[in-house]
Amino acid sequence: ELKSYSNIEGLPNELFLLEEAKYQKNHGLTYKEITEKLAYLKNKYPKIDEIVKNCYHNLLKLEKENCDSIDIVADCFAVMLQEISVEVFKDKSTDNTKQLMYAIGKWIYLIDALDDYDKDIKALTKY
């Protein structure tokens, strides 16, 4: 059964099984359980799913193009969090909550980029 999931991931079966085992050890969920939960959430919150898809598409496009402004790339993640907050807070959403979630989104992206910095430098120096 796991073999069919490896095709979705585009990974060789052995690598997929290794990743599956590591994830399950760390999180207690199998890939099948994760995909089932994800499908449930996509159906329950289609607007949030659409926001995430669109924003991540833009973010990944900028990263793939090696955008030289981290501020522009971080903006994609910040906008995503801001738009999700509007969906979650609904009529309680205000300009203040939108600005707060935008700032938190930008901070999360930048902190994650900083956390990945050494790994990224090592990857660049391999070539």
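Each value in this text was obtained by applying a stated rule to the coordinates, not by laboratory testing. Only a predicted model underlies this, so the values are computations on that prediction, with no experimental measurement involved. Cβ atoms come from the backbone with ideal geometry, glycine included; neighbour counts cover every protein chain shown.
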Inset, instruction - Please compute the net charge surrounding C76, taking Lys and Arg as +1 and Asp and Glu as -1 over other residues with Cβ under 14 Å from its Cβ. - result: -2
Inset, instruction - Select from segment 33-127 those GluC sites (Glu not before Pro) which occupy a DSSP coil region and have at most 13 other Cβ atoms within 10 Å, ordered by residue number. - result: E65
Legend entry - Karplus (6.51, -1.76, 1.60) ³J(HN,Hα), θ = phi - 60°, over segment 101-115, in Hz, Gly and Pro reported as x: 5, 4, 5, 5, x, 5, 4, 4, 4, 5, 5, 5, 4, 5, 4
